[in-house]
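Input: a single structure, listed below in structure tokens.
No lab work stands behind these numbers, since they all come straight from the coordinates. The structure presented is a predicted model; accordingly, all values stated were derived computationally and were not measured. Here the Cβ positions follow ideal geometry from the backbone for every residue, glycine too, while neighbour counts run over all protein chains shown.
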Amino acid sequence: MLGYSIRRLLAAIPTLLLLIAASFVLIQVAPGGPFTSERPLPPQVLANIEARYGLDQPMWKQFWDYLYNIVFHFDFGPSFKFKDRDVNDIIAQGFPISLTYGFLSFLAATSVGVTLGVAAAIRHNTWIDYFAVSLGIAAQALPNFIMGPILILVFTLYLGWLPGGGWNGGAWPYLIMPVIALSTSYMGSIARITRSSMLEVLNSNYIRTARAKGIPERQIIWKHAMKPTLLPVVSYLGPVFVYVLTGSVFVDIYFSTGGLGQAYVGSALSRDYSVLLGVTILYGGLTVLVNLITDLAYAWFDPKIRY
Amino acid sequence: MALFSVRDLNVSFTTQDGMIDAVKGVSFDIEAGDCLGIVGESGSGKSQTFMAAMGLMPKNGLATGSVQLMGREMLNVSIPELNSLRGRDISMIFQDPLTALTPHLKIVNQMEEVLRSHQGLSGRDAEKVALGWLDKVQIPEAKRRLDQYPHELSGGMRQRVMIAMAMLCNPKVLIADEPTTALDVTVQAEILDLMVGLQKEEGTAIALITHDMGVVARMCRDVHVMRHGEFVESGSVDEIFSAPKKDYTKSLLTAMPRLDSDDAPHAVAADAETLLSVDDVMVHFPIKQDRGLFSGTVLLKAVNGVSFDLRAGETLGVVGESGCGKSTLARAVLQLIPPTAGAVTWLGQDLVGLTSHALKSRRKDLQIVFQDPLASLDPRMTISASIAEPLRTFRPELTLAERKIEVAEMMERVGLDARMVNRYPHELSGGQNQRVGIARAMINRPKLVICDEAVSALDVSIQAQILRLLKGLQYDFGMAMIFISHDLSVVRAVSNRIMVLYLGRVVEMADRDVLYDEPRHPYTRSLISAVPIPDPHLERTRQRLRIPGELPSPLDPKAALRFIPSRLTSDLAYQPSLKEVSSGHFVEEHDPLETLLDRPA
């Protein structure tokens, strides 16, 4: 398994290189640049600025310098928009915030979703099932950009229970609404996947054998049915983990959390090449890592899988 | 009072098409230490009878009547009450031991939970009992098995684990639902022997649910023949087999091909030309194996040097146990899998290495019928479209009307009702779908048809019809056939010549009668002696030939030398050669039978 992990991480290097190269080229060919504005700068000024950031160099040279600084100095370059901050600062500031509410959203979506799904499958075709299914569909149908305003309306403006935005070092009243807004739709999907997976497992031959052995139903669910039920859920959780961890621009905007999502979209709009690239590489690296963890998790869920 | 008694049991299911009665008022008793057979074809309700008794029905099932074990009612009682009986006083084993064992739990955990629930044993004590039972069911290296997962065991070992698990609490009754259907003949014979032993030593009563009259003849004292949810005929095996009263019982008995019957296939004309000649064909697959940082591959020699000729109108039977390479051989002959080495000469021309375009024109004469008829037909095409497809490919000059006539004629020939033209595969039965598969293969009058386990998934009566159909078509069209099956009785019923495969190599090849009357190779002899014959008198007196040890893994380098252990010490790469012992009778080199039997497993 260690050998497999190392092989996978080595294989990630060309993947990431390809990702960086593709993003690099795509950003450059997109119209406009970081210093384009409605009132054009005098050509001499523009040339000076571009020379300062190395933008006057040929593209391969820019790419090479960029890679060189990442690999040898772990430096993702200066921001083109914010004079006094570089990309490392921006990520260091925004990522912990996204990580906090993202991770909590992931936990909430998984625990509530799996519980709902299992309850629905065990009580198939009863009111519990119907309730869980309706709740799941409703949750799935509500994207976070709808959930956000509704939550603020109800809990901040009408009831006055929770602060309408801000981060405040991640104090819990500030976390509740971002987490709910971000997790509901994933929770709905997880509940649905868990339910159908559990129903299939409960119909399988080995569950029939377990029943014929006369062991208590609760034990059948926990010992025999749970692991295979979660197998398809795990493959869905991998991408979900990356999505929620890297933050959501809507959550950042509605709740002014200051997470990385807002910085990411902002950098794309303002052609802040280095921020955009830096965050892309971060997301890419995270995806590779989470995919590896997901694959290793399979082996725990299914002993037939060996690496 | 009987140990296990069923009275007026009815089982019905609520479905979208209304109520379906699966079991209609069945009553029977099982006495202590008895073995009762319940025989029937698929859909007869034989399994549902016991599923209802064990509380294992799907949720849309409804059972009425009474099922009593030692005077205690089992039917429709609460789950906790039922759980105090099932697994302890009555237990059950199932058909497919791979899917019937929980894949992610070690054997020891699956056994321990039974002991904990029923006897309060856990940890070391439970492990000791579990190990004791694994030993009793004769699993090799029992201690190691405890910590293994089901997929790490062979099919036969899995069924032994199932039996050991069912026997943990010394139940009074063991229900065996098609316990050997998914297993190879030699493994089947050993599992049946094991069950007989348990019945004698532990006094366990056995209810044996099966479709196989041969198994009943070997195992049971009394038998109920079931059809459409009712008992058609009941009595002792001797009465049922020697003097069946009902037509259905008679048809079941005659439908089954027997090793001792005298139905000969059509003889091959003496001057028939050689169509196909297969010379030293090999198919090797690289199998990935993890070795540290870099993964390596080992070669799985699925087919390892097979040669034979086939003449027009001849049927060559290919038998062997699972994993012996018989299906791979079929695919290699048809170039569906490119052979690693060797030549496949068809009408004087080597097929190996031909371009796909050149091959396509020859496929008109080279056809195959697969095992699972439903899975091998396109679910989105009507059956007439499936049958017509080869016509469109190979005879594009036909008009729509001509094609329709051809399809209609073919459908009639294979016994499909003309009204079915627009049906889809899922609307037909297994037997009807297999007729579609045969019609599709035969519509261009091919010169060679390979039947790859073509009747294995079918009920015996349907199987008999399909075999008759194939023989009839062969007589009419004069094509050559390669008939692949794990079932020696079926192969015997259709083949002129038979080839026995063992781990990718031919161990014996001879004319049908020679092979069955004077088998030479120990493997052939053990295979033949393992086949149950539907005749209780014969079965009781027959001596089985048991070769110690299980079918080894084909990746094991020693596997190929299983029948010539004298070479094991000197030269692992030794390839036993095929010798012609009499005209047309080839036997692979092997050690004398006595030495093989004396070897420890």
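Remarks
- Antiparallel DSSP beta bridges within the protein assembly as shown, percent to nearest 5: 60
- Trypsin sites (Lys or Arg not before Pro) restricted to DSSP loop in the stretch B:377-479 with at most 10 other C-beta within 10 Å: B:ARG380
- Ordering B:VAL23, A:PRO216, B:LEU572 by Cα displacement along the dipole of the protein assembly as shown toward the positive end leaves A:PRO216 in first place; charges were set at the Cβ atoms of Lys, Arg (+1) and Asp, Glu (-1).
- Semi-axis lengths (Å, descending) of the ellipsoid that matches the C-alpha gyration tensor of the stretch B:4-255: 30, 22, 17
- Taking amide H as placed 1.01 Å from N in the peptide plane, the amide H of B:ILE482 sits under 5 Å from that of B:LEU316, B:VAL449, B:ILE450, B:CYS451, each at least 5 places away or on another chain.
- For the stretch A:87-301, the Kirkwood radius over C-alpha pairs fed into Stokes-Einstein at 20 °C and 1.002 mPa s yields D = 114 µm² per second.
- The stretch A:61-86 versus the stretch A:141-199: alpha-carbon centroid distance in Å: 36
- Counted over chain B, the DSSP beta bridges are approximately 60% antiparallel.
- Taken over the C-alpha atoms, chain B has Rg and Dmax values of 25.7, 77 angstrom.
- Counting, for every residue in B:27-33, the Cβ atoms of other protein chains within 10 Å of its Cβ and taking the mean gives 0.
- Overall shape: prolate for the stretch B:150-260, with the ratio a/c of the largest to smallest alpha carbon gyration tensor axis at 1.5 or above and a/b above b/c.
- Residue among B:PRO179, B:VAL215, B:ALA441 farthest towards the positive dipole end of chain B, charges placed on Cβ: B:ALA441
- Taken about its Cα centre, chain B carries a charge dipole of about 1080 debye when Lys and Arg each add +1 at the Cβ and Asp and Glu each add -1 at the Cβ.
- Relative contact order for chain B: 14 percent, from Cα pairs under 8 Å spaced at least 6 residues apart, divided by residue count.
- Across chain B, the longest run free of exposed loop sites, meaning GluC sites (Glu not before Pro) lying outside DSSP classes H, G, I, E and B with no more than 15 other Cβ atoms within 10 Å, spans B:398-588.
- Here the protein assembly as shown is treated with +1 on each Lys and Arg Cβ and -1 on each Asp and Glu Cβ, and its dipole about the Cα centre works out to around 1700 debye.
- The protein assembly as shown - Debye-derived log10 I(q)/I(0), Cα point model, q = 0.07, 0.08, 0.11 Å⁻¹: -0.77, -0.95, -1.36
- On the beta carbon distance between A:ILE6 and A:ARG52, with R0 = 35 Å, the FRET formula returns roughly 0.30.
- Each residue, A:GLN219 and A:TRP60, gets one label point 7 Å from its Cα in the Cβ direction; the gap between the two is 6.9 nm.
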